[in-house]
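The block underneath contains the structure these notes are about, expressed in structure tokens.
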């Protein structure tokens, strides 16, 4: 078990939609955000929490929170409360985060 809160597998079958991946178009910007952030070395870029703590509750990874922020800025969603709401209902953000829904204070503290 890793030291981060883990999201669900995007290829996992569910009732509706059958696969979450089927609902996101191949040319969608969320796929670009996903690949871009995953290729970054967050530790070298100065993200202090890029390495998880050895004790305590697992944290959300810096990559997941950065993906939320990049998506928000590209779609004019800068409020942490709005990003929390969108992470729960917006299918693109649900896909991007692996169904993780950090609360607004976690999102704001990351900033």
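Checking the conditions here, which among 98, 56, 46 is modelled with pLDDT under 95, out of contact with any helix residue (DSSP H, G or I) (no Cβ under 7 Å at 6 or more places or on another chain) and within 19 Å of residue 12 (Cβ to Cβ)?
Going through 98, 56, 46 in turn, just one is modelled with pLDDT under 95, out of contact with any helix residue (DSSP H, G or I) (no Cβ under 7 Å at 6 or more places or on another chain) and within 19 Å of residue 12 (Cβ to Cβ): 98.
Please go through segment 55-111 and pick out each residue that is more than 23 Å from residue 2 (Cα to Cα), touching a residue at least 60 places away in the same chain (Cβ under 8 Å) and surrounded by 17 or more Cβ atoms within 10 Å (Cβ to Cβ).
Hit for segment 55-111 is 92, nothing else.
Output the residues belonging to segment 59-95 that are touching a helix residue (DSSP H, G or I) at 6+ places or on another chain (Cβ under 7 Å) and over 22 Å from residue 20 (Cα atoms).
77, 78, 80, 81
Inspect segment 11-25 for any residue being under 14 Å from the mean Cα position of the chain (by Cα), surrounded by 12 or more Cβ atoms within 10 Å (Cβ to Cβ) and at pLDDT below 95 and give the result as yes or no.
no
Six or more apart or on different chains, Cβ atoms under 9 Å: show the pairs whose first residue is in segment 20-35 and on the phi < 0 side of the Ramachandran plot and free of Cβ contacts under 8 Å to residues at least 12 places away in the same chain and whose second is in a loop (DSSP other than H, G, I, E, B) and surrounded by 14 or more Cβ atoms within 10 Å (Cβ to Cβ).
So the pair list comes out as 31/24.
Would you check if residue 37 is surrounded by 17 or more Cβ atoms within 10 Å (Cβ to Cβ), within 20 Å of residue 10 (Cβ to Cβ) and at pLDDT 90 or above?
Yes, satisfied.
The values are calculated or read from the model by the stated rules, or taken from the named source; none is laboratory data. Since this is a predicted model, take the numbers as computed values, not measurements. Ideal geometry is used to build each Cβ from the backbone, glycine not excepted, and the neighbour counts take in all protein chains shown.
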